[in-house]
1. Working from the pairwise distances between different alpha carbons, so that the mean of 1/r is found and then inverted, what is region 43-184's Kirkwood radius in Å?
2. Determine the relative contact order of the chain: mean sequence separation of Cα pairs under 8 Å and six or more apart, normalised by residue count, in whole percent.
3. Taking the 0 to 90 degree range and rounding to the nearest ten, how far is the long axis of helix 157-168 tilted relative to the main principal axis of the chain, both from C-alpha atoms?
4. Within the set of other residues whose C-beta is less than 14 Å from the C-beta of residue 176, count the net charge using Lys and Arg as +1 and Asp and Glu as -1.
5. Report, for region 2-236, the % of DSSP beta bridges that are antiparallel, rounded to 5.
6. Give, as ranges by residue number, the residues of region 16-36 whose backbone N falls under 20 Å from the point 7 Å along Cα→Cβ of residue 116.
7. Most fluctuating residue of 34, 147, 163 in a GNM of the chain with Cα springs under 10 Å: which is it?
8. Can you give the calculated 222 nm mean residue ellipticity of the chain, where each DSSP H run of n ≥ 4 adds -39,500 (n - 2.57) and the sum is split over every residue, rounded to the nearest 500 deg cm²/dmol?
Amino acid sequence: MNIKILFDKKIPSRKFASGWGFSALIDDHVLFDTGCDGKRLLKNMDEMKIDFKKIEAVVISHNHWDHWGGLKELLKMRSGIQLWVGREGFEKSRFIKSLPAGNMICYPGASSVVSDHVYSTGEIEGRYMFKKMPEQSLILKTSRGLTIVTGCAHPGIVKILETVRERFKENIYLVLGGFHLFGKRRKTIDVIVRRFKELGVENVAPCHCSGKTALNMFHKAYGNNFMDLKVGDSFEV
Ligand SMILES: [Zn+2]
Ligand SMILES: [Zn+2]
């Protein structure tokens, strides 16, 4: 399966737009998150020659602006998609009501099938500051094992991995996305890195809100199995 990075602060050159948030495209037809801004998202999609007519499903990890910020702009260009949002996080939100009509809203349960070989974890309970912030992650099932794609990992990156491991009982090939470890102490991150190893995570690609310290520590622990991703990257899992 192919993964393309469409939105993050890291860009390889000025031809891409940088911004806070995250967005990745799976096999050209499942979009995971939309970054903080639609114009910048569409610019990067244009630069990568992505045909948004092929997008069939958009999965929004959680109710933070840096993950749904580009959605409205995208839905002006593409309608008739499945929009996967957490019931707890979005059902009553003003944001969902403000979106253009003509799309099917889907609330994921545990391990819902989004597309062939693509699953949602369903909303996993999480917190941000003092508020509840449930979040869903994506699971890609490939011949190499599972790839897990996270937005901000507010439930805790380890909790997400443990949940997936428990349900799927397969090896974890890659964990990619925001691990939300910025500002965390080295001691805390060290425990998390060790837990990744214990869980048998083979490759890591922390980005977005993972934080520099965590990036360095994961890089050191994973060596060649660490991916330093930026907007414009496209690779197979
Ligand atoms: Zn975020
Ligand atoms: Zn967040």
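The values are calculated or read from the model by the stated rules, or taken from the named source; none is laboratory data. Being a predicted model, the structure only gives us computed values, none of them experimental. Cβ: placed from backbone, ideal geometry, glycine included. Neighbour counts: every protein chain shown. Heavy atoms of the whole protein, side chains included, go into the accessibility calculation; ligands, DNA and RNA do not. Shrake-Rupley method; radii C 1.70, N 1.55, O 1.52, S 1.80 Å.
1. Working: mean 1/r = 0.0631 Å⁻¹.
Mean inverse Cα-Cα distance, inverted, gives 15.9 Å.
2. 19
3. For 157-168 against the chain, the angle is about 80 degrees.
4. Value of the local net charge: -2.
5. Antiparallel bridges make up about 55 percent of those DSSP assigns within region 2-236.
6. Inside the label zone: 25-32.
7. Maximum among the listed residues: 163.
8. Mean residue ellipticity at 222 nm (helix-derived): -7500 deg cm²/dmol.
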